[in-house]
Amino acid sequence: MQFTIMYRYRLNFVGQIGGGFLFFVMLFFGGSFAASAAGVSGNAIAPTLDGFIVGWFLYLVSQSAYSSLPDSVTRESEWGTLEQLYMSPYGFGKVMSAKIFVSLIQSISIGAILLIMALLVTQRTLSIDVPTVLPVLLFGALSVVGVGYAVAGLALIHKRISSFYQYMQFAIAGLVAAPLAEIPWLRLLPVVQSSSMLQLAMRDGVRLWEFSAVEISLLIGVAALYLLIGYAIFIYCSRIARHRGVMGHY
């Protein structure tokens with residue numbers, strides 16, 4: 001259904017791709033121009049530019065994965081079809097989880113398209129080892145999906161919270177660029193460990209098996225922790241919405 005909607009409203013999809021790409025171009029070349037004006041050589045800023053591309057790619061995927069569930073709950077509530085999903089024989093939680101799975105596929109696909117476009121325009125070269133990049137990216141996105149579950153639970157009860165959950169866009173940008181060298185405990189927050197590993201994988205060519213067991217365990221553990229907590233909050237909020245009789249009302 002998701003890909004059918006994307007195809008039938010393909011002009012909107014093209015606009016989405018174009019808007020994301022133009023935003024990247026303005027930031028990338030604006031930063032390059034500012035660095036050149038400050039007298040910084042191209043060789044000196046090259047690693048920073050590569051890091052910016054990797055961070056921008058992770059931000060796109062994470063932001064899309066996070067917002068998909070709150071957006072879906074709000075949209076279904078406005079359409080008046082939320083109760084139909086809850087009456088599904090598969091269960092409301094499983095239906096929402098299926099939506100998340102499809103959203104992750106869509107987010108990674110769109111992110112990959114924009115990444116290729118960015119590399120072509122900037123003429124930069126990154127190491128894209130799919131067996132390494134895909135798991136690291138996926139677990140990073142799952143950690144923010146857990147936050148999306150919690151926010152979607154609030155949307156079931158309070159309905160209009162778009163102004164609230166949009167603040168997470170800025171939080172995700174901050175987490176992607178978190179200064180791990182100065183504050184190591186930030187690895188316990190969503191997407192931070194994924195960002196660190198993705199930078200090493202795409203900029204320095206580090207393979208998945210070359211990461212330590214501690215790094216991989218932390219990547220998986222953080223994703224699982226936030227996903228479970230977020231899902232538990234979502235189910236709890238859905239019970240409150242049912243008890244208050246506001247599941248299908250908007």
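Values as computed for the structure displayed
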| read-out | value |
| --- | --- |
| Residue list for the stretch 164-195, restricted to those being over 15 Å from the mean Cα position of the chain (by Cα), among the small types (Gly, Ala, Ser) and open to solvent by less than 80 Å² (accessible area, probe 1.4 Å) | Ala178 |
| Per-region count, the stretch 1-25, residues among the hydroxyl-bearing types (Ser, Thr, Tyr) and either part of a helix (DSSP H, G or I) or under 25 Å from Val54 (Cβ atoms) (or both) | 2 |
| Which numbered condition Gln63 fails, given (1) in a helix (DSSP H, G or I); (2) at pLDDT below 80 | (2) |
| Helices (runs of 4 or more DSSP H) (entirely within the stretch 162-250) containing at least 1 residues that are more than 28 Å from Phe52 (Cα to Cα) and among the aromatic types (Phe, Trp, Tyr) | 213-244 |
| Members of the stretch 1-20 that are aliphatic (A, V, I, L, M) and open to solvent by 100 Å² or more (accessible area, probe 1.4 Å) | Met1, Leu11 |
| Residues satisfying the stated conditions in the stretch 77-94, i.e. closer than 22 Å to Gly140 by Cα and either touching a residue at least 24 places away in the same chain (Cβ under 8 Å) or buried (at least 18 other Cβ atoms within 10 Å of the Cβ) (or both) | Gly93 |
| Members of the stretch 114-133 found to be more than 24 Å from Phe211 (Cα to Cα), more than 15 Å from the chain's Cα centre (by Cα) and assigned to a helix (DSSP H, G or I), listed by number | Ile116, Met117, Ala118, Leu119, Leu120, Val121, Thr122 |
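The values are calculated or read from the model by the stated rules, or taken from the named source; none is laboratory data. This structure is a prediction, so every number in the text was calculated from the model and none was measured. Note that we place each Cβ from the backbone using ideal geometry, even for glycine, and neighbour counts take in every protein chain shown. Note: accessible area is taken over every heavy atom of the protein model, side chains too, but ligands, DNA and RNA are not part of it. Shrake-Rupley method; radii C 1.70, N 1.55, O 1.52, S 1.80 Å.
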